[in-house]
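Peer 1: Could you have a look at this structure, given as structure tokens, before my questions?
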Amino acid sequence: MTTKQLCLLGLLFFLISYLFFSKVLPDFQVPIDFAHWFNLIGAWLLLSFNDVFPKNKLNIVASIIAALGVIAHIGLCTIDFIMWSFGNNEVAKEALSNQISNAPSILYPFIIVGPSLLFIGLAIHALNFLKTYTIIATMVIVGAVSIGFSFFILKNGIYMLLSCVVFVVGLGLLLCRKETERGDTKQKEFGKL
């Protein structure tokens, strides 16, 4: 598989996980926690975006932030897998939730701040295209902010899904752009993989 194909597969897995999170897809979490497996694999594959975007100082910063976000997603999914393993034992879930809430060294890097870094890193990558693909880059940036807003403020799964769709479509369109050389200038246009 090419790096671009890994990116597209990551976008697909990530979107599927948000379909589960928003309850649009049926809640069949047996025998495994499908939502978080799709999210975990999707986040890991989204790390491939660090290799496909232009190499510059902004890319270095975005790559580091996105990598930290993927690490945080791994931690978050691990916590959610443990939570899922309790099944219907609400007392155990509440005890784990309280323990995490009382441990800032887990709460902030893996629940509150860390996972957002993946969205921030990918949005920073999109800044490279703000002049050439203004609408598409804005889709990624607004989608990234909207995912966090809908999760933390609105606490609404449907808005979170819609925000994810905007984010994923924007990244997909940026990924599928085609660069061709003409003389000493670059002309960028959309093309196939």
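The values are calculated or read from the model by the stated rules, or taken from the named source; none is laboratory data. Just so we're clear, the structure is a prediction, and the values are computed from it rather than from any experiment. Cβ atoms come from the backbone with ideal geometry, glycine included; neighbour counts cover every protein chain shown. Remember, those area values only see protein heavy atoms, side chains included, never the ligands or the DNA or RNA. Shrake-Rupley method; radii C 1.70, N 1.55, O 1.52, S 1.80 Å.
Peer 1: Taking only pairs six or more apart or across chains, which ones have beta-carbon atoms under 8 Å, a first residue in segment 44-58 that is in contact (Cβ under 8 Å) with a residue 40 or more places away in the chain, and a second residue that is part of a loop (DSSP other than H, G, I, E, B)?
Peer 2: That search, which allows pairs on different chains as well, returns Phe53/Asn128; Pro54/Asn128; Asn56/Asn128; Leu58/Asn128.
Peer 1: Then there is this: Restricting attention to segment 1-33, and to residues there that are under 17 Å from Ile74 (Cα atoms) and open to solvent by 50 Å² or more (accessible area, probe 1.4 Å), which single residue is farthest from the chain's Cα centre (by Cα)?
Peer 2: Checking each candidate, the answer is Ile32.
Peer 1: Just one of the numbered conditions (1) buried (at least 16 other Cβ atoms within 10 Å of the Cβ); (2) under 28 Å from Leu58 (Cα atoms) is not true of Leu130; which one?
Peer 2: (1)
Peer 1: Sticking with this structure for a sec: Mind checking whether some residue in segment 61-70 is in a helix (DSSP H, G or I), modelled with pLDDT under 90 and in contact with a helix residue (DSSP H, G or I) (Cβ under 6 Å, 6 or more places away or on another chain)? Full working, then the answer.
Peer 2: Keep residues of segment 61-70 that are in a helix (DSSP H, G or I), which gives 61-70.
If we keep only those that are modelled with pLDDT under 90 too, we end up with none.
No; the residues of segment 61-70 include none that is in a helix (DSSP H, G or I), modelled with pLDDT under 90 and in contact with a helix residue (DSSP H, G or I) (Cβ under 6 Å, 6 or more places away or on another chain).
Peer 1: If a residue has to be of a type in the set (Phe, Trp, Tyr) and open to solvent by 30 Å² or more (accessible area, probe 1.4 Å) to count, how many in segment 34-58 make the cut?
Peer 2: Restricting attention to segment 34-58, the residues satisfying the condition of being of a type in the set (Phe, Trp, Tyr) are 34, 37-38, 44, 49, 53.
The next check asks that each one be open to solvent by 30 Å² or more (accessible area, probe 1.4 Å); those that pass are 34, 37-38, 44.
The total comes to 4.
Peer 1: Mind telling me which of the residues Ile100, Ile112 ends up being among the β-branched types (Val, Ile, Thr) and either at pLDDT below 90 or open to solvent by 70 Å² or more (accessible area, probe 1.4 Å) (or both)? Show your work before the answer.
Peer 2: Working: Ile100 fails: either at pLDDT below 90 or open to solvent by 70 Å² or more (accessible area, probe 1.4 Å) (or both).
Exactly one of Ile100, Ile112 is among the β-branched types (Val, Ile, Thr) and either at pLDDT below 90 or open to solvent by 70 Å² or more (accessible area, probe 1.4 Å) (or both), namely Ile112.
Peer 1: Are any residues in segment 76-91 assigned to a helix (DSSP H, G or I), closer than 19 Å to Phe20 by Cα and either small (Gly, Ala, Ser) or more than 13 Å from the chain's Cα centre (by Cα) (or both), and if so, which ones? Walk me through it before giving the result.
Peer 2: Start the filter on segment 76-91 by keeping residues that are assigned to a helix (DSSP H, G or I), which leaves 76-85, 90-91.
If we keep only those that are closer than 19 Å to Phe20 by Cα too, we end up with 76-85.
Once the filter is applied, which keeps residues that are assigned to a helix (DSSP H, G or I), closer than 19 Å to Phe20 by Cα and either small (Gly, Ala, Ser) or more than 13 Å from the chain's Cα centre (by Cα) (or both), segment 76-91 yields Thr78, Ile79, Asp80, Phe81, Ile82, Met83, Trp84, Ser85.
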